[in-house]
Structure formats: C-alpha cells, structure tokens
Amino acid sequence: MNRSLPRLFLRYLGVLFLIVFSAPGRPAEKAVSEETYKVLKEADDFLRQGQASQALRQLRALQPQTRDKPFDRAVVQQYLAYAHAGANDFRAARQAAKAALDSKQLDADAEHGLHYLAGQAAFQLEAYRDSVSHLEQWLQSEPKADADIHYMAGYAAYQAKLTQSAIRHLEKAVALKKTPPSEWIQLLLSLYIDRKDYAKAEPIVKRLIANSPDKREWWRYLSSLYAQQDHYDRALSTMMLAYYLGEVRQEDVLQLVKLHAQQGYPVKAARMLEAELESKRIPRNYKNLKLLFSCWQLAREHKQASRILTEAAALAPNGEDFMLSGRLAMQRGDWTAAKKEFQKSLRKGGLKREEFARLWLGVAAFKSEDESLARQSLVPLLGIANVKQEAAFWLERMEKAKPSHNPPHQPDHPSS
C-alpha cells in the first residue's frame, strides 16, 4: 500500500503554537524560556514553508541550551519529531516523538498530535505493533477520523497479527468510504475467511460483485463461500455463472466438476470434464483423469470408468490403479482382464499391499483356467500371515477341481 506520510501534522503544529506560546496565563514552570521561544518561532516558520532542513538546524543548535529545562527540552523534542517527519526521516521522527511523550511534560493536546505522528512514522518503518498502539490512542479522541487512517491502523494490525483489531478498523474504513478500494475489501475478506466467519464474508463478496460484475474472481469467491457453508446448490449455480462468463481458470472448471458430482449430477460432471480435456483447456494428466474416473464411477457408467482408469493407471507413479482396475474386472466377472491388470500392477510396483495383488492374480488365473500361473502366484503366499488362509483355500479348490485319473471300476467276471 502507499505509505506516504499525510501532512496533517501541520494542524497539530498550529495547535501547539497557540498553546506553547500563549505565555500569559500559563504557569511559569510550563512556559518555555524567551531564548527557546525565539528559536521555536523561527523553526515553526520554516516548517510552515516546507523547509524542514532549516528547522532541524535551528532545533539541533537549541538542544544543548535546554538540558536543565525539562519543559523546553520536551517541546524541542516535539518540534524535532515534526521536523524529521517533514524531512521524511521517519526513524528520527519516531525517536523524537517517543522522547517527547516519555517526558510527561506535555499536555493532552500535544501528546495527541504526537501519537498521530509516531503511529505513522512507525508504520513507515514497518514497526506495525507500535504503529497500532499510537494510532489507536490517537483515534480514541478522534471520533470523526477519516477512512484512510482506519485503513492504516487496520493494515498495521493485520501485519502485527492483531486480528480482532485489524477487523475492527477495516470494517470502519470500508463503512466510511463511499467506494472503498478493492484491496481494502479483499484484506477484510481474507480475515473473515481465516476466521471462518463466512456469514460476514458473503456480503463483502457481493459488494465486490456489485462494483465489478464482470470480474470472475469475485464470483469464484462467492461460490467458494457457499461451498464452505455446505450450500452446494448455491455454490454450483454461482460457479456456473462464472463459467459462462468465459475464460475461466483450470481450477474453476475442476471446482465446477466437483460441485456437479457432489450435487448428484455425476454424468454432467463427467461430460463437462471430458469436453474440457478434449479441448485441452484442462491437461489430460493423472490427477484429472482420476477425477473423471470418479465421476463415471459415481454415475455407475462402469465401462467408461474402466476405460479412463486404464488410461490413468498408465500415468500413475505406481501400480495401485492397475490393481484397482483388476478388482473392478473381478467384480464384472471378467477374469482374463483381471489377470492382465494384476500382472501390470505387479510389474509397475510400488504397491502398498503386494501380497493381495498376488493373491487376486492367483484367483483370476485360476478362474481363467491358467493353473500354472495360479499356483505360481498362490503357493509363495502360504508363508504370509494375512493372506495364507485365502491362498490355501484357493489352492484346495484347485485340487478339488482336478479331474480324477483312476480307471473306472470293472465288475468281476463270473467264474466259469
């Protein structure tokens, strides 16, 4: 954000001049000396003319003369704070303001102006927590402060991770500004979302949409907020609006596909994703193919699902998807296909449960009458605890399924 220091400090110089130099009626211990008065008057004139460097020279020369005069010293520090600010030396301005405030010599009006200056100087130096502290003290006596100062305090609080304070000031800033900049609203929106305060976030996004209805980003935000609140029907319809505005991002399409599937329209989700993959707006990668497979599975379009899973499995980092494909083939009773898929899964490797792939390969081989492969797969599993019983079961079934090789019983010949 633009961190240029506002020049409202001249207003406080004017107030200070009336207070400090209205010597008649002031207690003697709270009036500057005649020598100090003359130099401060000259420095004040330089500051009003924008000649901060001239004012600084005058004030620095005066400092040694105020060592034994606490009030004079405090007022000089106060003027130094304004002079350094006028010269854009925010570090020195902050130090001088702190010295003036710590002196406890100045009245409430003078301290009020210094809090304002110190808050902005700390902001420039990214000392955000200190900036918030000073600005909030200043705002306590400024009920009609403008939106920009509330935004500055809110931004500083956000950077200092003072979330509640940040929200309070940003809400005030947005309320005071007839047309607040979008970055103000976005910052407040991000804080609402971080706190999962979706009810407050929703009208903020709608306000952004009202200001810029053609900006797809706000429609996506609104859809996401609806989804976070489990209002998937609203999320879907809102995302569809963004989709038909055109030029959507990949993540928008994928989110829309997921919303269709969640809302009970898996066929529509699958067809949309197929079209996007064909148009190459969405890359035909492993992750997106698995999403397409899930959509066809939800739609119980098993043939389509199997086709996509086979394609995804070839791109997978391991053999898990070939293993899943084999299981689906078993459910269809297609034992030859199942056998091939389990073989692919074992060749590709990286399986979390390799013993089960070997078990199911043995079963599929047995069912497809490939006894040699079935034995080769099942026999080594007899020594593995979590599959040995099933392996033994299928080996026993293979034995029982064997045809008998004993000759048929011949009746005895009758004796002659």
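Structure data summary
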{"item": "Computed E for GLU396/GLU126 - FRET, C-beta separation, R0 51 angstrom, nearest 0.05", "result": "0.10"}
{"item": "Exposed-site-free run, longest, the chain (rule: GluC sites (Glu not before Pro); DSSP loop; at most 15 other C-beta within 10 Å)", "result": "1-125"}
{"item": "Inter-centroid distance (Cα atoms) of region 77-142 relative to region 308-370, Å", "result": "73"}
{"item": "Residue-normalised accessible area of the chain, expressed per residue, 1.4 Å probe, Å²", "result": "54"}
{"item": "Local net charge near ALA338, Cβ-Cβ under 9 Å (Lys/Arg +1, Asp/Glu -1)", "result": "+3"}
{"item": "Alpha-carbon centroids, region 192-220 and region 247-293: separation in whole Å", "result": "24"}
{"item": "Sites GLN263 and ALA385, calculated FRET efficiency, Cβ-Cβ separation with R0 56 Å, nearest 0.05", "result": "0.80"}
{"item": "Förster radius 60 Å - calculated FRET efficiency between ALA108 and LYS215 (Cβ-Cβ, nearest 0.05)", "result": "0.80"}
{"item": "With Cα atoms, 0 to 90° folded angle of helix 216-228 axis to the chain main axis", "result": "70"}
{"item": "On Cα atoms only, tilt of 90-102 relative to the major axis of the chain in degrees", "result": "60"}
{"item": "Cα long-axis angle, helix 320-332 against the chain (0 to 90 degrees, to the nearest 10)", "result": "50"}
{"item": "Alpha carbon convex hull of region 21-179, projected area averaged over orientations, nm²", "result": "10.2"}
{"item": "Percentage relative contact order, the chain, counting C-alpha pairs under 8 Å, at least six apart", "result": "5"}
{"item": "Label-point separation, LEU315 to GLU301 (7 Å along Cα→Cβ), nm", "result": "1.8"}
{"item": "Calculated Rg and Dmax of the Cα atoms in Å (choose from (i) 22.6, 74; (ii) 39.7, 162; (iii) 54.7, 179), label", "result": "(ii)"}
{"item": "Cα gyration tensor shape for region 38-109, rounded if a/c is under 1.5, else prolate or oblate", "result": "oblate"}
{"item": "Dipole of region 89-224 [Lys/Arg +1, Asp/Glu -1 at C-beta], most positive-end residue of LEU222, GLN105, GLN124", "result": "LEU222"}
{"item": "Accessible-area composition of the chain, carbon plus sulfur, in percent [1.4 Å probe]", "result": "49"}
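The values are calculated or read from the model by the stated rules, or taken from the named source; none is laboratory data. Only a predicted model underlies this, so the values are computations on that prediction, with no experimental measurement involved. Ideal geometry is used to build each Cβ from the backbone, glycine not excepted, and the neighbour counts take in all protein chains shown. Note: areas computed on protein heavy atoms with side chains; ligands, DNA, RNA excluded. Shrake-Rupley method; radii C 1.70, N 1.55, O 1.52, S 1.80 Å.
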